[in-house]
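Here is the structure we will look at.
Bear in mind these aren't lab numbers, they're just calculated from the coordinates by the rules spelled out. The model shown is predicted, which means the values in this text are computed figures rather than measured ones. All Cβ positions, glycine included, derive from the backbone under ideal geometry; neighbour counts span all protein chains shown.
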Amino acid sequence: MNQIIEHKGIIQNIQVNQIDVLISQQSACSECHAKSVCTVADKVEKIIEVESIDSSFKVGDEVILFGQQSIGLQAVFLSFVIPLVLILITLIVLKSVITNEVVSAAIALLVVVLYYIVLSFFNPRLKNKFKFEIKKP
């Protein structure tokens with residue numbers, strides 16, 4: 001079951017084999033008719049780097065980024081699930097060893113920081129795995 005995820009974006013920059021696409025992620029309430037008076041509505045813009053040798057794209061073109069939904073699930077797993085499990089395991093183990101909860105919490109956070117540092121060493125490999133493709137609407 002390969003479902004496709006898509007995001008609309010605008011090309012910001014074109015290099016030799018790379019296209020930078022600006023996408024806007026909006027919260028669920030951003031489509032609400034009352035969003036102008038609501039402080040909850042938010043919008044986040046991100047630049048996504050896409051490898052492409054297609055020369056038909058130009059800066060300012062509206063495009064669609066697409067990829068497999070499974071890559072999104074893997075990214076969530078690496079970014080959120082594993083760190084949460086690390087925190088919980090660290091706190092459970094340290095609870096029996098250290099009586100000071102502040103020290104246990106600090107060590108648990110340090111473990112997560114170390115995890116993200118180790119994960120950053122795999123950034124080039126992850127970029128190859130988590131790729132979006134680009135097409136015209």
Projecting the Cα atoms of 123, 66, 55 onto the charge dipole of the range 4-135, where Lys and Arg contribute +1 and Asp and Glu -1 at Cβ, the residue farthest towards the positive end is 123
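Rounded to whole Å and ordered largest first, report the semi-axes of the equivalent ellipsoid of the range 36-137 derived from its Cα gyration tensor (root of 5λ). Write down the numbers at each step before the final one.
Details: eigenvalues 302, 73, 25 Å².
Taking √(5λ) for each eigenvalue gives 39, 19, 11 Å, largest first.
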